[in-house]
Amino acid sequence: MSQGELSRSLIRAIASIGSLSRPHARPRIRFPRRTLHPASFQCFSTGPIRKSELVSRSSGNSIAAPPIDFDEDAIDEQDEKQDEKAEKLLKTLRIVPASPSYFSAKPDFTDSLISLQALLRKYATLPVVPPGHAPRVAWKTVAQFRLVVNEPIKSAKYHRIIELLHRLNHIHPALMPAEVTQALDRYKRDINPHDNKAKPGVIDDVGRSKGVGRRKTSSAVAWLVEGEGEVLVNGKTLAQMFGRLHDRESAVWALKSTQRLDKYNVWALVKGGGVTGQAEALTLAVAKALLVHEPMLKPALRRAGCVTRDPRKVERKKAGHVKARKMPTWVKR
């Protein structure tokens, strides 16, 4: 087949294809998309759904506000109704507490702690006195604070308040704000034991000074006068009164530690307890009498241990115990 015949056959084939009639496409039907949720109707009635009906409003019914009645009795009735509504509303309202710590376990303690912390932040820049120079104050104990706030406060938590009080108390007295003074007074004891001062010793006309000492159940009264070092206890010498050398030294230890054995005479009365208790009670009595003559010896006597009262005592026996702590021997049978 030549090239010309091939081109003619192609032209005829193309013409025959163009003459064919096109098939009509069927119209596409679109269906609504199905969902898992059921169709919701905007209807709040529980009865059957009805089609909307056109209701003709009567000309007599009006949606305008009712006319105002200026009668005094009607006005009073309206005021009473409003008052009743207000009272009902107040009963339904929740009362808001004055303190934000009301809903905590210990509201009074929390309020006290927060108020002291706020005062410290406010006056933290004020100058303070050196340690040991602040006024001595006796703060309330934990038991007293529990009675004030009526809450079971632990000692560790109350210690936080005491630390804040110590810091505020160290503010310089000349610059102490009145607000801080009022806050500190709330936590002070009614009676400050630091204000109690011992009565100064007096030397009588004969030149004697008196001192009283106690130890365990023993008590001693000593009179000190300038002399040559003679000592009489209940009318007896030291050797006759105390058989042990240690008790003899304890009786006049205040004079021996300050090297005053040959400068004062001692006349003493002791009673109660045993020999050792009487000798140690006499130590404190002689030291107090010596301080009346020479007050400058107090640091030396304190270093020697002659000024402090020894509070130790024998512990009492308990019921069911052999002694204070000892329990009876356990027997199986």
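The values are calculated or read from the model by the stated rules, or taken from the named source; none is laboratory data. Computed from a predicted model, the values in this text were never measured in an experiment. Protein only, heavy atoms only, side chains kept; ligands, DNA and RNA dropped before computing areas. Shrake-Rupley method; radii C 1.70, N 1.55, O 1.52, S 1.80 Å.
Things to note:
- Rounded to whole Hz, the Karplus (6.51, -1.76, 1.60) HN-Hα couplings of segment 100-112, x for glycine and proline: x, 8, 4, 8, 7, 5, 10, x, 5, 5, 5, 4, 5
- Cα-based Lys proximity count in segment 107-194, under 20 Å, for pairs eight or more positions apart or on separate chains: 5
- Largest first, the residues TRP139, TRP253 sort by 1.4 Å accessible area into TRP253, TRP139.
- Centre separation in Å (Cα based) which lies between segment 266-290 and segment 142-166: 41
- Computed over segment 107-194: relative contact order in percent, which uses C-alpha pairs under 8 Å that are six or more apart: 47
- Chain lengthening between ASP204 and LYS154 when straightened (0.36 nm per residue, less Cα-Cα): 12.8 nm
- Relative contact order of segment 256-333, taken over Cα pairs closer than 8 Å and 6 or more residues apart, is 21 percent.
- With every protein chain in place and a 1.4 angstrom probe, the accessible-area ranking of ARG160, ARG260, largest first, reads ARG160, ARG260.
- When the convex hull of its Cα atoms is projected in every direction, mean area for segment 119-222 (nm²): 11.5
- Classified by the C-alpha gyration tensor, segment 85-174 has a prolate form. Its axis ratio a/c, with a ≥ b ≥ c, is 1.5 or above, and a/b is larger than b/c.
- Anchor LYS81: lysines whose Cα lies under 24 Å away (excluding residues fewer than 8 positions away in-chain): LYS91
- List VAL129, VAL148, ordered by accessible area with a 1.4 Å probe, largest first: VAL148, VAL129
- Fraction of alpha-carbon pairs over 20 Å apart in segment 209-303 - percent: 24
- Violating pairs (Cα-Cα greater than 25 angstrom) within the set LYS236/LYS298; LYS216/LYS318; LYS197/LYS298: LYS236/LYS298
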